[in-house]
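Participant: Here it is: the structure, laid out below.
The values are calculated or read from the model by the stated rules, or taken from the named source; none is laboratory data. Worth saying up front: this structure is predicted, and the values here are computed from it rather than measured. As a convention, Cβ positions derive from the backbone with ideal geometry for all residues, glycine included, and neighbour counts pool all protein chains shown. Note: accessible area is taken over every heavy atom of the protein model, side chains too, but ligands, DNA and RNA are not part of it. Shrake-Rupley method; radii C 1.70, N 1.55, O 1.52, S 1.80 Å.
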Amino acid sequence: MSATCSPAPPQGRGLMPEALRALADWALAQPEIWRAVATCDVENRASARVMEKAGMRCEGVLRRRTIHPNLRPEPRDCRLYARVKDD
């Protein structure tokens, strides 16, 4: 759905979960969209918490899914979160 990078000042104010929830609400209001999904690195607990606060559920781990060149050149595992129209 989207990628987020929040600078230091807004962190901890609940702005990102609110924004993600609004985006997912809008997407799921479209008749042709049934799932809103997002991923984050398995070690990025802050992003995982944002998705949980936005009403998304963790559906599992995608192994060796994403490369973060600033961390290391090998693909890293990431968590898959989703909301569906029925949630």
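Participant: What is the residue count in segment 9-44 for residues that are within 20 Å of H68 (Cα to Cα), open to solvent by 40 Å² or more (accessible area, probe 1.4 Å) and either of a type in the set (A, V, I, L, M) or modelled with pLDDT under 95 (or both)? Don't jump to the end; show me each part of the working.
Facilitator: To start, the set of residues in segment 9-44 that are within 20 Å of H68 (Cα to Cα) comprises 37-44.
After this cut, where a residue has to be open to solvent by 40 Å² or more (accessible area, probe 1.4 Å) as well, the list is 37, 39, 42-44.
Then drop every residue that is not either of a type in the set (A, V, I, L, M) or modelled with pLDDT under 95 (or both), which leaves 37, 42-44.
Qualifying residue count for the region: 4.
Participant: Got a sec? Which strands (runs of 3 or more DSSP E) wholly within segment 18-87 have at least 2 residues that are touching a Ser or Thr at 6+ places or on another chain (Cβ under 6 Å)? Step through it out loud before you land on a result.
Facilitator: Numbers: elements: 35-41, 57-68, 72-84.
Qualifying strands (runs of 3 or more DSSP E): 72-84.
Participant: Something else now. Starting from segment 49-76, keep only residues that are under 17 Å from R35 (Cα atoms), then list their pairs with residues that are aromatic (F, W, Y) and surrounded by 12 or more Cβ atoms within 10 Å (Cβ to Cβ) whose Cβ atoms are within a distance under 7 Å, requiring at least 6 positions of separation or different chains.
Facilitator: Cβ pairs passing all conditions: M51/Y81; M56/Y81; R57/Y81; C58/Y81; E59/Y81.
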